[in-house]
1. Which residues' amide hydrogens lie under 5 Å from the amide hydrogen of Val271, considering only partners 5 or more residues apart or on another chain, with H built in the peptide plane?
2. Once you order the gyration tensor axes a ≥ b ≥ c over the Cα atoms, which shape class does the range 149-265 get: rounded for a/c under 1.5, otherwise prolate or oblate by comparing a/b with b/c?
3. What is the gain in length, in nm to one decimal, between Ala149 and Glu195 on full extension, counting 0.36 nm per residue of separation less the C-alpha to C-alpha distance?
4. Percent antiparallel among DSSP beta bridges with both residues in the range 51-276, to the nearest 5?
5. Can you give the FRET efficiency to the nearest 0.05 for Ile183 and His133, using r as the Cβ-Cβ distance and R₀ = 41 Å?
6. First obtain the Kirkwood hydrodynamic radius of the range 68-156 from its Cα pairs, then insert it into the Stokes-Einstein equation at 20 °C and 1.002 mPa s, and state the resulting D in µm² per second as a whole number.
7. Could you derive backbone 3J(HN,Hα) for the range 155-163 from the dihedral phi with the Karplus parameters 6.51, -1.76 and 1.60 (θ = phi - 60°), listing whole Hz in sequence and x where the residue is Gly or Pro?
8. Which three numbers, in whole Å and largest first, are the semi-axes of the equivalent ellipsoid of the range 51-276 derived from its Cα gyration tensor as √(5λ)?
Amino acid sequence: MDLLNIKINYKFQKPHEQLEPFQPPHNFFPVPMLQWLMTYTFDLTMQVPPYLVNEHYDDRYFDVVNAIEEAKHIYFRSSGIMDILSAAGPGRKEFRIGETGFGAGRLLIALMDFLDNSGITDLEITYNSVELHPVTSERMASILGGFKAETGPLIDQLVRTYSQVEISRPGWQQIQLTRPFGILTLNLWIGEALEMVHALTIPCDAWFLDGHGPKKNPAMWRRELLMAIGEKTVAGGTCATFTVAGAVRRGLTDAGFSIEQRPGVGGKKSVLKGILIN
C-alpha cells in the first residue's frame, strides 16, 4: 500500500484559502483506515479560531497541521545549523540567530525543543527577532496552546518570561531563558524589520525568514530588507525560509546568498536554504 498516492484537499474557512494537496507520510493514518483511504480522496475543512489569525494581514500565524515539526524541518534540519554546532566541539559555543517575524514565538519554541533533545550542551544562543504587531502574553498562550501536549513546559516558561516584555515600547526588549542545552537570550525588537536589522551590531550566524508570505506581507520580503540581512550575516552563515517565491530567491541571491531548494514538508513541496558566499 502506498499512502503517498492518497491526497487530502484541505482548506481553512478563515482566512478563505485553498491550500496545496497534502500528501501524508507512511505512518500518518491508523491501520483500520487504510483500505478506505486507498479508495477515496476527500475534502477536510478545518476551522481556524480567530485568535490564530493575524488580523493585520488576514493570515493565520502558521499552518495548523503540525507546525512545530514543520519549523524543525525547514529551519533546523534543512538549514544545516546542527552541522555547524556539532562541528564546534566541546566547550562553550556561541551562536547568533536572526528571525524576521516573531509572532507568538512558535519558531523559538521549536528551536528550544529541538536543542533540548540534540545532546548538545554549553550553548549560548542569541536570538534576535522582530515583531511589528506584538501579541499579549495571554494571546501567545492561546496561539501556542495547540502544542501543549508536545512542549507544555517550554510554552509555560516562554509565556511567563514574555509577560515581562513591554510590548507597547518600541525598540529592543530582552529576556533570558535557561534550558538543558544552555542559555538563550531573546532580543526582541518591537517595530519594523529593517529597523531591527540596522540596529544589529554583530552579524548573525543564521537567519530564519518567517513572517507572513510575500503576498500577505510584501514588506517583509522586499529587496532592501533582504540586502540588509545579507550585510548582517557572517561569511558562511545560513538562511532558511518556507517560501520559494521567485522574488525572494532573486533578492537573497542579490544579497550574497547561494540559494538551494530543499525538500519540503506537509503541503510544501520545497523550501529554501541559503549560504552567504560573499
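Any read-out appearing in this document is the output of simple, stated calculations on the displayed coordinates, not a laboratory observation. All figures in this text were calculated on a predicted structure; none of them were measured in a lab. Note that each Cβ is placed from the backbone with ideal geometry, even for glycine, and that neighbours are counted across all protein chains shown.
1. For Val271, the qualifying residues are Arg262, Gly264.
2. Here the range 149-265 falls in the prolate category.
3. Stretched fully, the Ala149-Glu195 segment lengthens by 12.9 nm.
4. On the way: 22 of 46 bridges.
Within the range 51-276, antiparallel bridges account for around 50 percent of the total.
5. Working: r = 28 Å, r/R0 = 0.68.
Step by step, r from the Cβ atoms, then E = 0.90.
6. Working: Rh = 14.1 Å.
My calculation gives 152 µm²/s for D.
7. 4, 4, 5, 5, 4, 4, 6, 5, 4
8. Each semi-axis is the square root of five times an eigenvalue, giving 23, 21, 18 Å.
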